[in-house]
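Engineer: Dropping a structure here in structure tokens format, bear with me for questions.
The values are calculated or read from the model by the stated rules, or taken from the named source; none is laboratory data. Bear in mind the structure is a predicted one, so any value in this text is a computation, not a measurement. Neighbour counts run over all protein chains shown; Cβ positions are idealised from the backbone, glycine included.
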Amino acid sequence: MFEVYRKELMWGGRRLVLETGKVARQANGAVMATYGETTVLCTAVANKQQKPGQDFFPLTVNYQEKTFAAGKIPGGFFKREGRPSEKEVLTSRLIDRPIRPLFASGFLNETQVVCTVLSHDLENDPDILAMIGASAALTLSGIPFLGPIGGARVGYIDGQYVLNPKVDELPNSQLELVVAGTTEGVLMVESEAKELSEDVMLGAVMFGHKSFQPVIQAIIELAEVAAKESWNMPEKPANAATNEEKLSAAVSADIAAAYGEQQKQARCVTACLGAIARASLLACDRSQHLSLSDVFCCWAVPAPPPAKA
């Protein structure tokens, strides 16, 4: 009845399954991701039209866990599930960070990514699976997303790197590192370690980046048969070159000086650059709806001068 597409691979000693076409078919992109016995439904939906006057990218990422995923029903005084837990909020941010930079420049349509844990085997943490599922859903959706991305958790047990350690293995690990990126490089790293050397930490990042390459390839192969028609890429405004020239003339020297400050206490980068950015907006026509991000994207910030001996 439905055209169901499925991609399977062995990853870290467990089977990873990406399936689309059966559930949430009205979403722009929907992927049911399963790792071991943990299952997460990931959907991606975007508005076809940009809201008038929109000058920022309204991306919302929601990761949600329900007690039914572990076969439980809330009981006692609280019989309903309340606000998102700390784990849900942090996992939403974990997914947001690597995907946000990969949307096409100028794409400001409202976009929502929702990852719902349907089943949890209490062995495989759903957060990495949700990140992979979100990447696959965006890749299939046709939304101008320049992915896909992959992600992995890396442990360090008995002097060996472990890919996606199970929940009961993490207490014995000297490292818990989450890395996400594309085929070309790393986009995000988050870690907790017990005083490991820089070489071990760098090795963990490289191990994780190499380990999720098969996942990215699986998403690409799934997209080749199941992806929807790509949306038109947003056109660059006709006055973009003029704005760049105005901004560069107004504040490039000040920004170079701010980045060149060597003393930490005197640097105050946030305050300096914030003031410079707001001053630069005054140098351009307010009717162009420039955002602060435009200020820092109009030129390459020069490297700071070498520190004095």
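Engineer: D199 passes all but one of (1) assigned to a loop (DSSP other than H, G, I, E, B); (2) over 16 Å from the mean Cα position of the chain (by Cα); (3) not small (G, A, S); which number fails?
Structural biologist: Only one criterion is unmet by D199, namely (1).
Engineer: Being more than 22 Å from the chain's Cα centre (by Cα) and closer than 15 Å to T116 by Cβ narrows it down to one residue among E37, E81, E3, E19; which is it?
Structural biologist: Only one candidate qualifies: E81.
Engineer: Of the residues that make up region 69-85, is at least one crowded, with 17+ Cβ neighbours inside 10 Å, out of contact with any Cys (no Cβ under 8 Å at 6 or more places or on another chain), closer than 21 Å to G36 by Cβ and assigned by TED's automatic domain parsing to the domain that holds M201?
Structural biologist: Initially, region 69-85 is screened for residues crowded, with 17+ Cβ neighbours inside 10 Å, giving 69.
From what's left, out of contact with any Cys (no Cβ under 8 Å at 6 or more places or on another chain): 69.
Filter once more, so that each one left must be closer than 21 Å to G36 by Cβ: 69.
Adding the requirement that they be assigned by TED's automatic domain parsing to the domain that holds M201 leaves 69.
Checking region 69-85: at least one residue is crowded, with 17+ Cβ neighbours inside 10 Å, out of contact with any Cys (no Cβ under 8 Å at 6 or more places or on another chain), closer than 21 Å to G36 by Cβ and assigned by TED's automatic domain parsing to the domain that holds M201.
Engineer: Of A70, A104, which residue is modelled with pLDDT under 85 and touching a strand residue (DSSP E or B) at 6+ places or on another chain (Cβ under 9 Å)?
Structural biologist: Values: A104 fails: modelled with pLDDT under 85.
Selected residue: A70, the only one of A70, A104 that is modelled with pLDDT under 85 and touching a strand residue (DSSP E or B) at 6+ places or on another chain (Cβ under 9 Å).
Engineer: May I pose another question? Among the residues in region 53-69, are any free of Cβ contacts under 8 Å to residues at least 60 places away in the same chain and acidic (D, E)?
Structural biologist: Checked region 53-69: no residue is free of Cβ contacts under 8 Å to residues at least 60 places away in the same chain and acidic (D, E).
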